[in-house]
Amino acid sequence: MSIVNAPIHDMLIRIKNAYMARRRYVDGIVYSRFKEEILKLLKKYGFILDYQIKEDWAKKYLVVYLKEVKDPVNDIPVIKFYSKPWRRWYIGYQDIKPVAGWRGIGIISTSKWVMATHEAKKQKLGWELIAEIY
């Protein structure tokens with residue numbers, strides 16, 4: 001077993017790679033509440049079908065169920081990372097821009113937990129921009 005330095009990046013890249021390989025689900029993602037909140041956002045905005053929390057002895061894992069890829073250009077998400085473990089990317093709500101012409105979402109960690117960037121802009125919240133997905 002290896003140690004992952006960027007668990008959020010790892011989860012999002014696993015989802016993208018599974019879409020590229022035309023898989024139906026991704027399993028074995030180590031559970032964290034932060035990852036679960038990001039998956040809630042992805043489900044809410046239609047990037048995944050669903051997710052499930054599985055328990056194996058004392059450990060929890062996430063299983064992510066993916067949509068079927070019919071058109072590779074539009075169905076496989078593009079992920080752009082901003083914050084990295086060695087360099088955090090902080091923005092104010094004034095600096096939040098639309099993602100891919102309103103076709104995607106930005107994931108931002110605020111004082112009111114994790115939300116999409118357009119929701120954070122409405123509530124006038126800013127903090128750490130994690131990634132954009134479109």
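Kindly list the number of the only condition in (1) of a type in the set (A, V, I, L, M); (2) in contact with a Ser or Thr (Cβ under 7 Å, 6 or more places away or on another chain); (3) free of Cβ contacts under 8 Å to residues at least 24 places away in the same chain that fails for Ile53.
Only one criterion is unmet by Ile53, namely (2).
Under 8 Å by Cβ, and 6 or more places apart or on different chains, what pairs join a residue from the stretch 117-129 that is free of Cβ contacts under 8 Å to residues at least 40 places away in the same chain and under 17 Å from Trp102 (Cβ atoms) with one that is surrounded by 15 or more Cβ atoms within 10 Å (Cβ to Cβ) and of a type in the set (Ser, Thr, Tyr)?
Pairs found: Ala120/Tyr93; Ala120/Thr110; Lys121/Tyr93.
Quick one: Glu55 ticks every box in (1) of a type in the set (Asp, Glu); (2) over 13 Å from Ile8 (Cα atoms); (3) in a helix (DSSP H, G or I); (4) assigned by TED's automatic domain parsing to the domain that holds Leu12 bar one, so which box is it?
Against the list (1) of a type in the set (Asp, Glu); (2) over 13 Å from Ile8 (Cα atoms); (3) in a helix (DSSP H, G or I); (4) assigned by TED's automatic domain parsing to the domain that holds Leu12, Glu55 comes up short only on (3).
Within the stretch 102-113, is there a residue that is of a type outside the set (Gly, Ala, Ser), under 15 Å from the mean Cα position of the chain (by Cα) and at positive phi?
Checked against the condition, which is being of a type outside the set (Gly, Ala, Ser), under 15 Å from the mean Cα position of the chain (by Cα) and at positive phi, the stretch 102-113 yields at least one hit.
Please indicate, with yes or no, whether at least one residue in the stretch 73-82 is loosely packed, with under 11 Cβ neighbours inside 10 Å and charged (D, E, K, R).
No: zero hits.
Within the stretch 60-70, does at least one residue satisfy the condition of being more than 22 Å from Asn5 (Cβ to Cβ), surrounded by 12 or more Cβ atoms within 10 Å (Cβ to Cβ) and not assigned by TED's automatic domain parsing to the domain that holds Asn5?
Among the residues of the stretch 60-70, not one is more than 22 Å from Asn5 (Cβ to Cβ), surrounded by 12 or more Cβ atoms within 10 Å (Cβ to Cβ) and not assigned by TED's automatic domain parsing to the domain that holds Asn5, which makes the answer no.
Can you name the residue in the stretch 34-59 that is of a type in the set (Lys, Arg) and at pLDDT 95 or above and is also nearest to Ile130 (Cα to Cα) among such residues?
Lys35
I need a count of the residues in the stretch 76-107 that are over 15 Å from Ala120 (Cα atoms) and either assigned to a helix (DSSP H, G or I) or free of Cβ contacts under 8 Å to residues at least 24 places away in the same chain (or both).
Matching residues across the stretch 76-107 total 3.
Answer yes or no: is there a residue in the stretch 91-108 that is surrounded by 13 or more Cβ atoms within 10 Å (Cβ to Cβ) and over 23 Å from Gly46 (Cβ atoms).
yes
The values are calculated or read from the model by the stated rules, or taken from the named source; none is laboratory data. As the structure is a prediction and not an experimental result, all values here were calculated from the model. Note that we place each Cβ from the backbone using ideal geometry, even for glycine, and neighbour counts take in every protein chain shown.
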